[in-house]
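The values are calculated or read from the model by the stated rules, or taken from the named source; none is laboratory data. Just so we're clear, the structure is a prediction, and the values are computed from it rather than from any experiment. Methodologically, a virtual Cβ is constructed for each residue, glycine included, from the backbone with ideal geometry; neighbour enumeration extends over all protein chains shown. With ligands, DNA and RNA removed, areas are computed over all heavy atoms of the protein, side chains included. Shrake-Rupley method; radii C 1.70, N 1.55, O 1.52, S 1.80 Å.
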Amino acid sequence: MQFDLLTQRMTAAGLTDVLSPAILRHQRQSHEDTRALERYEPGKYDGPVLLYRTEQDTPWAVHDPRYQITSEGRGWDLLCPSLTAIPVDAHHLNLLDPPAVHTVAAHLRTLLASQGGPT
């Protein structure tokens, strides 16, 4: 695997001492996630879907044209006709941090309460 070869070469060059084990694990997982996403072929889903859509550009992100979808549903609306997109003032890296996560939680709380679920 490419990442194993990279890790071996980084170790031989003494570079693994520069990066923490947590950073190396994160990079490996990101690499594996990207490879899985490249192979994934999504199908249509007719049920309700909720997308919390970030409104800010992610700092330090790779600007790959495949990920530059500007539609409200970020392309998922083509596969999910019952998609509801909820804009959140955040970016990919801070969506689950305050204050953005509070926005998501408040929306979910309201949605669940309106459907008779737990609050």
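Quick rundown of the values:
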read-out	value
Per residue solvent-accessible surface (Å²) - the chain, probe of 1.4 Å	77
Cα-based equivalent ellipsoid, the chain: semi-axes from gyration tensor eigenvalues, Å	34, 19, 14
Placed amide H near THR58: partners under 5 Å, 5+ positions off or other chain	HIS92
Residues whose placed amide H lies under 5 Å from that of THR84, excluding near-sequence neighbours	VAL49, LEU50, LEU51
Tensor-based shape of segment 1-71 (alpha-carbon gyration tensor, a/c under 1.5 rounded, otherwise prolate or oblate)	prolate
Sites ARG109 and GLU72, calculated FRET efficiency, Cβ-Cβ separation with R0 30 Å, nearest 0.05	0.85
Carbon and sulfur %, accessible surface of the chain computed with the full protein complex present, 1.4 Å	58
Cα radius of gyration and Dmax for segment 64-119 (Å)	13.8, 42
Rel. contact order, % - alpha carbon contacts under 8 angstrom, at least six apart, the chain	23
